[in-house]
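Have a look at the structure below, then the notes.
What follows draws every value from the coordinates through simple rules; no lab data is involved. Keep in mind the model is a prediction, meaning the values are calculated, not measured. Cβ sites come from the backbone with ideal geometry, for glycine too, and all protein chains shown count toward neighbours.
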Amino acid sequence: MLADFGADVIRIEPPSGIDPNESLFAADRMSGDFQNLNRNKRSLTLNLKKPEALEVFKRLVKHADVVVENWRPDVKTRLGVDYEALSLINPRIILASISGFGQDGPYASRPGFDQIIQGMGGLMSVTGMPGQGPVRAGLAVADSSSGLYAAIGVLVAMLEREVSGRGQWVHASLLHSMIAMMDFQAARFLTDGVIPDQAGNDHPTSSPMGLFPASDGLFNIGASGQGNWARFCIAMQRAEWLDRPEFETEPLRVAHRGELSALIADLSRTQSVTHWVELLNRAGVPAGPVYSVPEMFEDPQVRHLQTTQDMQTPQGPMVTLLTQPVTLMRTPARIATTAPGWGEHTQELLREAGYSEAEIAVMEADGVV
């Protein structure tokens, strides 16, 4: 995100052969995931197990605004690049740490992948059809949300630095971020004592709010609230539903969801998805089709929002990347370059840091970079 909005972001990674897990995250530079997450960045290889590489890193810190890391919590202390150490080099530095479970506590040293956190953070318990057992969400909710929360923290710290003149340590964990993303489901338990469970395609506290059949497929209806409910009944030409006592309030409609859903399904099966989506939206009732990923990108509103951008890679093939979902009127996000090659900018960045050609050659020969 920060790179798209103009930050000079340097991706620091070990030279090839150092990280045993490099095939997961770094080897295939042309993969969609790597290209999408690393555009607009420069790549510098540093073997931080070597003191000379740590010295290069610390020299860069002197003039940097932010360092972002996602090691296990003890690694940065062992390397001597924890916040206390970095702040001695540059008092204005902001260190953003993203971890699986937090920087301290009984699980701090555990490794954390998104699916592990989905299970521990409660998401899998409320995802899926009733009685089917835990189901993972189809995207990396914990990974993405922790990155977003960390980015927000970085921006807040930069604003505060304008007042205090000092940086600070910002940290976010996948576990805490996942729990925060549970939002109303977690709040139902904390405030109301309700233990959320799987509700499938139905909204747990609103009805009719869910997936319904049409003559040619499935579509979503979101007629929650008394106003939407009234507009829904009139649009569907079933005004008599408004007079039924079991449907009088939202809690009653949730309690009688099975009966209400059956009535709606009997009617909705008579017309197409397009018919119902257009009819309900004209009436001011939220409704929409259920797309596959290719269908989603073909939708006219999705195209209008310019959610993708085609980019030419130096290797030759074109790649299509996702754009930023937030628009700034005067300073919009911009994708200027595709993801960097492994260590593509190492020599360039070392020169910018003041190293001579001879010094760079020695570091290359010694496996520092």
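Among LEU279, VAL67, THR320, pick out the residue whose Cα is farthest towards the positive end of the charge dipole of the chain, where Lys and Arg carry +1 and Asp and Glu carry -1 on C-beta, about the Cα centre.
VAL67
Cα-based Rg (one decimal) and Dmax (whole number) for the stretch 209-290, in Å?
11.6, 32
log₁₀ I(q)/I(0) of the stretch 234-347 at q = 0.13 Å⁻¹, via Debye over equal Cα point scatterers, no solvent, to two decimals?
-0.76
Taking the Cα centre of the chain as the origin and placing charges on Cβ (Lys, Arg +1; Asp, Glu -1), which of GLN347, LEU88, LEU123 is farthest toward the positive end of the dipole?
Going by the charge dipole, the pick is LEU88.
So what's Rg/Rh here for the stretch 327-369, counting alpha carbon atoms and using the Kirkwood radius for Rh?
Rounded to two decimals, Rg over Rh is 1.24.
Compute a Gaussian network model of the chain, connecting alpha carbons closer than 10 Å, and tell me which residue from THR331, THR320, THR274 fluctuates the most.
THR331
Any chance you could run the full-extension gain for MET296 through GLU348? It's 0.36 nm times the residue separation minus the Cα-Cα distance, nm to one decimal.
14.7 nm
Determine, from the Cβ-Cβ distance of LEU190 and ALA336 and an R0 of 41 Å, the FRET efficiency 1/(1 + (r/R0)^6), rounded to the nearest 0.05.
0.40
What helices does the chain hold that run 24 Å or longer along their axis, going by alpha-carbon atoms, with a Kyte-Doolittle average of 0.0 or more, using DSSP H for the helix calls?
Values: long enough: 141-164 (34 Å, 0.90); 174-192 (26 Å, 0.68).
Helices passing the filter in the chain: 141-164, 174-192.
Quick one: putting +1 on the C-beta of Lys and Arg, -1 on the C-beta of Asp and Glu, what dipole do you get for the stretch 82-171 around its Cα centre, in Debye to the nearest 20?
Result for the stretch 82-171 is approximately 100 debye, rounded to the nearest 20.
If I model a spin label at VAL9 and THR320 as a point 7 Å from the Cα along the Cα→Cβ vector, what separation in nanometres do I get?
Distance between the two pseudo-spin positions: 2.2 nm.
Would you please give the FRET efficiency between SER215 and GLU259, computed as 1/(1 + (r/R0)^6) with r the Cβ-Cβ distance and R0 = 22 Å, to the nearest 0.05?
0.50
What number, in percent, do you get for the relative contact order of the chain if the mean sequence gap of Cα pairs under 8 Å and at least 6 apart is divided by its residue count?
Once normalised by length, the contact order is 21 percent.
By how many nm would the segment from THR270 to ARG238 grow when fully extended, if each residue of separation counts as 0.36 nm and the alpha-carbon distance is taken off?
Working: separation 32, 0.36 × 32 = 11.52 nm, distance 1.42 nm.
Extra length available between THR270 and ARG238 comes to 10.1 nm.
How large is the charge dipole for the chain, taken about the Cα centre, if only the Cβ atoms of Lys, Arg (+1) and Asp, Glu (-1) carry charge, to the nearest 20 debye?
In total the dipole reaches around 440 debye.
Contour minus end-to-end for THR327 and TRP71, with contour as 0.36 nm per residue of separation and end-to-end as the Cα-Cα distance?
Going from the current span to full extension adds 89.0 nm.
At R0 = 22 Å, how high is the FRET efficiency between ARG78 and ASN21 if r is their beta carbon distance? Nearest 0.05 is fine.
The calculated FRET efficiency here is 0.75.
What residue among LYS49, LYS76, LYS62 has the largest mean-square fluctuation in a Gaussian network model of the chain, using Cα springs under 10 Å?
LYS49
Points 7 angstrom from Cα along the Cβ direction at GLN132 and GLU359: gap in nanometres?
So the two model labels end up 5.9 nm from each other.
What is the mean projected area of the alpha carbon convex hull for the chain, to one decimal in square nanometres?
The directionally averaged projection comes out at 23.2 nm².
Taking the chain as a Gaussian network, where each spring joins two C-alpha atoms under 10 Å apart, which residue of ARG42, ARG92, ARG351 fluctuates the most?
Maximum among the listed residues: ARG351.
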